[in-house]
Amino acid sequence: MPASSYSTSRTTQTPPAPVVEVSVPEALRMPRVEALFARHRHTYWPKLQRRARIWLLEKRLMPADKIDAYADTLRYTDLVAGYYVGAPDDVVAAIADFSTWFFVWDDRHDRDAVHGRTASWRALADRLHTALDDPEPHQAHREPLVAAFAECVVRMCSYLGPAWNARFARHFHAVIEAYDQEFANRRTGTVPTVEEYIALRRHTFGHHVWLDLLELAADRELPESLRTHPEYRRAGLASQDFSAWYNDLCSLPKEIAGDEVHNLGICLIQHEGISLEEAVVEVRGRAASRITEFLEAESELLRMAEESEDGTREGAALAAGLRMCLFNMRNWFSSVYWFHHESGRYRVDTWDDRSTPPYVSDPAGEA
């Protein structure tokens, strides 16, 4: 899509990120992403990289030695710097901290499941539900994951008002509940069917949450009539499904090694009786199909944005908000794609123990 399609959006003030040569295995290549989705990064990106190390240490989310060894190579802030281009600096910083927290929480969930720390996981999930409803007093909680989460919620919920805050909380409660379902599945060795997995994945990946945060980046809440419009929902779902399924494709070796059951490829192998090689081709094809879905919806939404510009201030604001949210939906494709080939999070072949990521702390016993 040419940049002129988004010409009224402040996002076009940010030049594309410089091209860096990254080796992409042929089985994981997406030529249409490389050709059609230019990579952009927020201008605050270099500072996000530096401050992430400080935040992880201050919030006690990773030990100092793990931060020194792995924080830079994990490149967590690269994702948000590419997702929410054009956001105010303080907003993108808050979202980046939340995204970093999400990765650390995901690792804790994995380790609790591996070691059968049921009481630890249940207590953490309950505390997160409580902190989501009343984050202010939980910023000093003794559990680092609860305190850091509460701080992120306080910051992100200070911009758009009660309606957006309630919607965000509702959507993240569903994420916690979906993680709880995944925990139960892993403890029982239950591999969900493909359709069950796709529905669950849309919650554990946080589809609705990341789409809510598009509005935070755009500094305006979109009207419900637009958020629920079929084409807007179609574009958002396409960008998120692509991201989740491409993640599944790239993390498949890591998750097979770690006895994970929640991966589209694993579900296809289990329930459709196909080989690993066939599953890779199928997941890649499903992810690629989301590109077409997005491009079709994008064209319609850009037409709607143009029609909204009726000479009124409200019409101009609506068009600008829609264009910025759509621009950043588009940026998910390139940001997710390149992140998976630059981050050390998926380089399972370089680990001493393929079943245990070296960047996590993994104490035994109940926490």
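Below are the figures for this structure:
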item: Segment 58-91, residues that are buried (at least 16 other Cβ atoms within 10 Å of the Cβ) and among the aliphatic types (A, V, I, L, M); result: 61, 62, 67, 71, 74, 79, 80, 81, 85, 87, 91
item: Yes/no for residue 142 being modelled with pLDDT of 95 or more and assigned to a loop (DSSP other than H, G, I, E, B); result: yes
item: Residue 41 vs. criteria at positive phi and charged (D, E, K, R); result: no
item: Some residue of segment 98-117 being over 20 Å from residue 152 (Cα atoms), assigned to a helix (DSSP H, G or I), open to solvent by less than 10 Å² (accessible area, probe 1.4 Å) and out of contact with any Ser or Thr (no Cβ under 9 Å at 6 or more places or on another chain); result: yes
item: Any hit, segment 213-225, residues being surrounded by 17 or more Cβ atoms within 10 Å (Cβ to Cβ) and in contact with a His (Cβ under 8 Å, 6 or more places away or on another chain); result: no
item: Residues of segment 147-179 classified as more than 24 Å from residue 217 (Cα to Cα) and buried (at least 17 other Cβ atoms within 10 Å of the Cβ), total; result: 2
item: Only listed residue being without any contact (Cβ under 8 Å) to a residue 12 or more places away in the chain, out of contact with any Ser or Thr (no Cβ under 8 Å at 6 or more places or on another chain) and among the basic types (Lys, Arg), chosen from 186, 234, 170, 220; result: 170
item: Single unsatisfied condition, residue 190 versus (1) in contact with a Pro (Cβ under 7 Å, 6 or more places away or on another chain); (2) β-branched (Val, Ile, Thr); (3) modelled with pLDDT under 95; result: (1)
item: Enumeration of residues in segment 240-255 that are hydroxyl-bearing (Ser, Thr, Tyr) and either surrounded by fewer than 22 Cβ atoms within 10 Å (Cβ to Cβ) or under 26 Å from residue 115 (Cβ atoms) (or both); result: 251
item: Residue match in segment 228-237 (condition: crowded, with 20+ Cβ neighbours inside 10 Å and either of a type in the set (A, V, I, L, M) or under 30 Å from residue 353 (Cβ atoms) (or both)); result: yes
item: Residues of segment 46-93 satisfying the condition of being over 18 Å from the mean Cα position of the chain (by Cα), part of a helix (DSSP H, G or I) and closer than 30 Å to residue 220 by Cβ; result: 46, 47, 50, 51, 55, 89, 90
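The values are calculated or read from the model by the stated rules, or taken from the named source; none is laboratory data. All of these numbers come straight from a predicted model, not from anything done at the bench. Every residue, glycine among them, receives a Cβ derived from its backbone with ideal geometry; neighbour counts consider all protein chains shown. To get the accessible areas, we keep the full protein, side chains included, count just its heavy atoms, and leave off ligands, DNA and RNA. Shrake-Rupley method; radii C 1.70, N 1.55, O 1.52, S 1.80 Å.
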